[in-house]
Amino acid sequence: MNRSTTARPLVLAVATALAAAALAVPARADHRASGTSLPAVTPRAETPVLHDDDAGGNADADDPAIWRNAAAPGRSLVIATAKEGGLRVYDLDARPVQSIAAPPAAGEDDAPGRFNNVDLVQGLRLSSGRADLAVTSDRGHDRLRFYRIDRDRPGGPLTDVTDPAAPPVFSRDQAEINDQRTAYGLATWTDRATGKSFALVSRRERTSIALLELLPAAGGKVTYRTVRTLDLPSTFRLPDGTSWSPCGEPGELPQVEGMVVDPADGTLYAGQEDIGIWRLRADLTGTPKLVDTVREYGVPGVYDEETEECTPGADPGYGGTKLSADVEGLTLVTEPDGDGYLLASSQGDNTFAGYDRELADDNEYEGGFRVAPASGALDGSEECDGAAALNAPLGSAYPNGLLVVQDGHDAPGDGDRPATNFKFVDLGTVLDALDD
């Protein structure tokens with residue numbers, strides 16, 4: 001594993017501090033909030049459906065990012081992952097612009113490429129000049145992949161500029177890569193003090209987060225190096241003094257996927273799916289703090305090997321009231337004065353929660369909303385994995401900004417085939433819903 005010597009003291013400090021913090025979590029007053037009581041917003045457009053089967057190229061919509069074309073905002077792009085289906089690029093009408101295949105397996109018995117999360121870096125200095133990049137976590141190969149964005153390039157706006165020598169993020173060899181405890185969640189960050197750009201990458205089925213510095217390589221390519229890693233806790237001390245870990249398949253730890261960094265102050269928000277939302281420094285120093293927990297926090301469970309499901313026990317009432325596991329799709333709505341929202345997908349009840357962006361207000365909960373069907377042909381979002389918000393004018397289509405959310409169950413669907421896609425929502429309607 002690519003782990004720095006400073007990682008272990010950080011892990012011990014985090015575990016000790018969080019055990020104490022967990023003891024202070026009060027029993028919730030509202031045992032089970034209803035997502036149906038939240039205001040609804042509706043999408044304006046949706047991307048073509050993807051099917052995670054052989055006929056559909058094993059394409060499964062997961063995570064979007066919004067690239068703003070400063071010269072012509074109405075010609076901005078949405079870049080999204082489709083897992084084994086690679087990358088998809090859409091215009092603001094949700095029409096396909098480009099499709100990029102995930103890299104093939106290294107060998108006949110090895111895992112194929114699988115693009116999990118995507119984020120953007122603006123103006124990274126390469127050997128060929130500065131460029132905007134789309135960065136994606138390739139879970140199949142345990143690597144990051146980089147794509148230069150040139151909106152009017154013949155053949156499509158994205159060009160692969162990944163250094164062929166870029167190393168695995170977490171694995172020591174191909175055998176470990178094939179175990180698929182590999183690069184999973186992803187957020188990018190440019191440190192305003194140094195101008196250096198980084199990627200924060202979580203590890204599948206583990207609590208690890210790695211900080212990678214993005215570096216130019218020869219020929220306009222991009223590579224990276226590991227700066228440090230940090231492990232979030234997998235076991236928590238409850239207010240009654242007992243120890244709790246979320247139920248899961250034996251050997252799996254509660255992983256992080258959704259992540260986002262506030263560019264103004266370098267604050268990282270990380271969604272540990274079965275636990276809640278953490279706030280920590282993006283340089284992975286200091287002690288993380290739980291902003292909110294899922295309703296299922298503290299609920300015991302027993303894993304059934306036959307059904308591969310967990311049977312929950314009695315709820316002791318230590319969890320939060322706004323999020324139902326899994327926590328997914330973290331994104332920021334930023335405003336010039338420092339105000340704005342942290343948005344999180346509450347996958348378990350098909351809602352979204354909004355928290356105050358300002359640290360002075362301790363990220364207090366501001367409200368929530370649902371992405372509901374606009375019509376019989378244009379449905380809402382269910383079991384949302386990834387989300388991206390941009391609070392900037394995007395031409396006549398989205399003058400108030402854009403929210404893009406993954407839909408884990410596109411309707412009306414196509415028989416029993418798995419069907420996913422992305423919904424485009426006017427950000428102005430979302431802000432109105434949060435302000436109500």
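Just one of (1) at pLDDT below 95; (2) open to solvent by 30 Å² or more (accessible area, probe 1.4 Å); (3) more than 25 Å from THR420 (Cα to Cα) fails for ALA22. It is (2). Between SER99, SER76, which is of a type outside the set (Phe, Trp, Tyr), out of contact with any His (no Cβ under 9 Å at 6 or more places or on another chain), open to solvent by less than 20 Å² (accessible area, probe 1.4 Å) and modelled with pLDDT of 95 or more? Matching residue, one of SER99, SER76: SER76.
Of the residues that sit in segment 341-364 and are outside any loop (DSSP other than H, G, I, E, B) and farther than 19 Å from GLY428 by Cα, which one is most open to solvent (accessible area, probe 1.4 Å)?
Of the residues in segment 341-364, the ones outside any loop (DSSP other than H, G, I, E, B) are 341-349, 351-356, 359-361.
Narrowing the set further to residues that are farther than 19 Å from GLY428 by Cα leaves 346-349, 359-361.
Working: SER346: 1, GLN347: 30, GLY348: 50, ASP349: 38, LEU359: 76, ALA360: 101, ASP361: 60 Å².
For segment 341-364, the residue satisfying everything is ALA360.
Quick check on segment 135-153: of everything there that is within 14 Å of the chain's Cα centre (by Cα) and not polar (S, T, N, Q), which residue is most open to solvent (accessible area, probe 1.4 Å)?
From segment 135-153, those within 14 Å of the chain's Cα centre (by Cα) are 135-139; that's our starting set.
Among the residues that remain, those that are also not polar (S, T, N, Q) are: 135, 138-139.
Numbers: VAL135: 0, ASP138: 0, ARG139: 30 Å².
Restricting to residues being within 14 Å of the chain's Cα centre (by Cα) and not polar (S, T, N, Q), the top hit is ARG139.
Scan segment 387-400 and give yes if some residue there is open to solvent by 30 Å² or more (accessible area, probe 1.4 Å) and under 16 Å from the mean Cα position of the chain (by Cα), otherwise no. Looking for residues that are open to solvent by 30 Å² or more (accessible area, probe 1.4 Å) and under 16 Å from the mean Cα position of the chain (by Cα), one finds at least one in segment 387-400, hence yes. Within segment 370-400, the set of residues being in contact with a Pro (Cβ under 7 Å, 6 or more places away or on another chain) and not aliphatic (A, V, I, L, M) comprises ASP379, GLY380, GLY386, PRO393, GLY395, PRO399.
Taken over segment 87-96, the residue count meeting the criterion of being buried (at least 21 other Cβ atoms within 10 Å of the Cβ) and part of a loop (DSSP other than H, G, I, E, B) is 1.
I'm trying to understand the selection: among the residues of segment 271-313, which are more than 25 Å from the chain's Cα centre (by Cα) and closer than 18 Å to LEU323 by Cα?
Going residue by residue through segment 271-313, those that are more than 25 Å from the chain's Cα centre (by Cα) are 300-307, 311-313.
The answer is PRO300, PRO312.
Highlighted here are the strands (runs of 3 or more DSSP E) found entirely within segment 235-340 that include at least 1 residues which are surrounded by 14 or more Cβ atoms within 10 Å (Cβ to Cβ) and of a type in the set (Phe, Trp, Tyr): 267-272, 276-281, 301-304.
Tally the residues that are part of a loop (DSSP other than H, G, I, E, B) and crowded, with 21+ Cβ neighbours inside 10 Å, restricting the search to segment 57-72. Quick ask: steps written out before the conclusion?
The initial filter retains those residues of segment 57-72 that are part of a loop (DSSP other than H, G, I, E, B), namely 57-63, 68-72.
With crowded, with 21+ Cβ neighbours inside 10 Å added as a condition, the list becomes 59-63.
Of the residues in segment 57-72, 5 are part of a loop (DSSP other than H, G, I, E, B) and crowded, with 21+ Cβ neighbours inside 10 Å.
Going residue by residue through segment 290-297, is there one that turns out to be touching an Asp or Glu at 6+ places or on another chain (Cβ under 9 Å), farther than 28 Å from PHE198 by Cα and without any contact (Cβ under 8 Å) to a residue 60 or more places away in the chain?
Step one: list which residues in segment 290-297 are touching an Asp or Glu at 6+ places or on another chain (Cβ under 9 Å), which gives 291, 294-297.
Narrowing further to those that are farther than 28 Å from PHE198 by Cα: 294-297.
Remaining after also requiring without any contact (Cβ under 8 Å) to a residue 60 or more places away in the chain: 294, 296.
Yes, that holds for at least one residue.
Taking GLY123 as the residue in question, decide whether it is within 18 Å of ARG153 (Cβ to Cβ), buried (at least 19 other Cβ atoms within 10 Å of the Cβ) and modelled with pLDDT of 95 or more.
Numbers: within 18 Å of ARG153 (Cβ to Cβ): yes; buried (at least 19 other Cβ atoms within 10 Å of the Cβ): no; modelled with pLDDT of 95 or more: yes.
Criteria not met by GLY123.
The values are calculated or read from the model by the stated rules, or taken from the named source; none is laboratory data. The model shown is predicted, which means the values in this text are computed figures rather than measured ones. Glycine also receives a Cβ, built like all others from the backbone with ideal geometry; neighbour counts cover every protein chain displayed. Note: accessible area is taken over every heavy atom of the protein model, side chains too, but ligands, DNA and RNA are not part of it. Shrake-Rupley method; radii C 1.70, N 1.55, O 1.52, S 1.80 Å.
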